[in-house]
Amino acid sequence: MKAFLTWYNNPVDRTTLIGLIAGTLTTFAYLPQVIKVWKSKSTHDISLAMFVTLSLGLLMWVIYGFYIDSIPVIIANVISLILSFTLLVFKIRQG
């Protein structure tokens with residue numbers, strides 16, 4: 001119990017936890033779209049410009065995460081970048 005109270009009272013650990021939860025939620029928000037595109041093999045309604053811009057933005061977040069040494073920022077944005085890049089590849093291949 002003491003270890004939990006030490007963790008709970010440490011704002012750095014709480015901040016990291018909030019970052020990890022936020023990153024998990026926003027990252028996994030991509031999964032339904034990736035699964036839908038994978039199954040349907042259709043990217044007709046996906047904007048190429050949006051996913052190029054999003055992928056570049058995510059790459060910048062990853063770089064930023066390394067600069068500020070933030071594990072939540074790095075992990076969430078690397079996974080988001082992979083999922084976004086997957087959709088981008090589908091869009092480029094399928095039009």
Dipole magnitude of region 2-94 about its Cα centre (Cβ charges: Lys, Arg +1; Asp, Glu -1), debye to nearest 20: 340
Label point distance in nm, residue 85-residue 13, each placed 7 Å from Cα along Cα→Cβ: 3.4
Residues 25, 87, 59 arranged by fewest to most Cβ contacts within 10 Å: 25, 59, 87
All-pairs alpha carbon distance profile, the chain, 10 Å steps from 0, percent: 16, 38, 25, 14, 6, 1
Computed E for residue 64/residue 35 - FRET, C-beta separation, R0 35 angstrom, nearest 0.05: 0.75
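Every number in this text was worked out from the coordinates using simple rules, so none of it is lab data. Computed from a predicted model, the values in this text were never measured in an experiment. Reconstructed Cβ throughout: ideal geometry from the backbone, glycine too, with neighbour counts over all protein chains shown.
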